[in-house]
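No value in this document is a laboratory result; all are computed from the given coordinates. Treat the numbers as computed from the prediction; the structure is a model and nothing was measured. Cβ atoms come from the backbone with ideal geometry, glycine included; neighbour counts cover every protein chain shown.
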Amino acid sequence: MRELVARIQAVLRRNQEAPKRFELLRAGEIVLDERTYTVTVKGAPVSLTPIEFALLAVLMRSPGCVFSRPELVDHLVESNFTGLDSTLNVHIRNLRLKIEDDPANPLYIETVFGVGYRFHNIH
């Protein structure tokens, strides 16, 4: 039922929003280009799944903000994410493996225990 409500809300948002603006997001050595659907880390291209790309974009757009798992799932519904909150942990882990120098001690995607995840904008 929660997934159905999230999908309906996503459709309503799409119909009410202005045309999508593509952004070039930068944080530290990560560059995410929504127009070309590419991510580079230290100048090297990184291959992300559509869910990983959308997840990284959501986090990078709001550095410092903590997102709960349900909030992230709501944002990802537009990217056809149909997993559970617990599935999100796997996507975060895989994303860290691809963008972090040391995934065990991440600089960019921080876990806020008992709450969710936060993105650090490292200059």
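In plain terms, the residue of I51, I8 with the fewest other Cβ atoms within 10 Å comes first and the most crowded comes last, giving I8, I51.
Remark: the chain carries a charge dipole of roughly 240 debye about the Cα centre, counting +1 on each Lys and Arg Cβ and -1 on each Asp and Glu Cβ.
Considering only V5, P70, S47, and ranking their Cα positions along the charge dipole of segment 2-119 that arises from unit charges at the beta-carbon of Lys, Arg, Asp and Glu, the one farthest toward the positive end is V5. The C-alpha atoms of the chain define a longest principal axis, and helix 50-61 lies at about 80 degrees to it. If the segment from L12 to K42 were pulled out straight at 0.36 nm per residue, it would be longer than the present Cα-Cα gap by 7.0 nm. Ordered by the number of other Cβ atoms lying within 10 Å of each residue's own Cβ, fewest first, T36, T87 fall into the sequence T36, T87.
Going from the residue with the fewest nearby Cβ atoms within 10 Å to the one with the most, I109, I122 rank I122, I109. The simple spin-label model puts a point 7 Å past each Cα toward its Cβ; for L24 and V5 those points are separated by 4.1 nm.
Entry note, the chain: relative contact order of 26 percent, from Cα contacts under 8 Å with a spacing of 6+ residues. Exposed loop sites here mean trypsin sites (Lys or Arg not before Pro) with a DSSP loop assignment and at most 13 other beta-carbon atoms within 10 Å; the chain contains its longest site-free run at 43-123.
Applying the Karplus relation 6.51 cos²θ - 1.76 cosθ + 1.60 with θ = phi - 60° to segment 93-102 yields 3J(HN,Hα) values of 4, 5, 5, 4, 4, 8, 10, 9, 5, 10 Hz, where x marks Gly and Pro.
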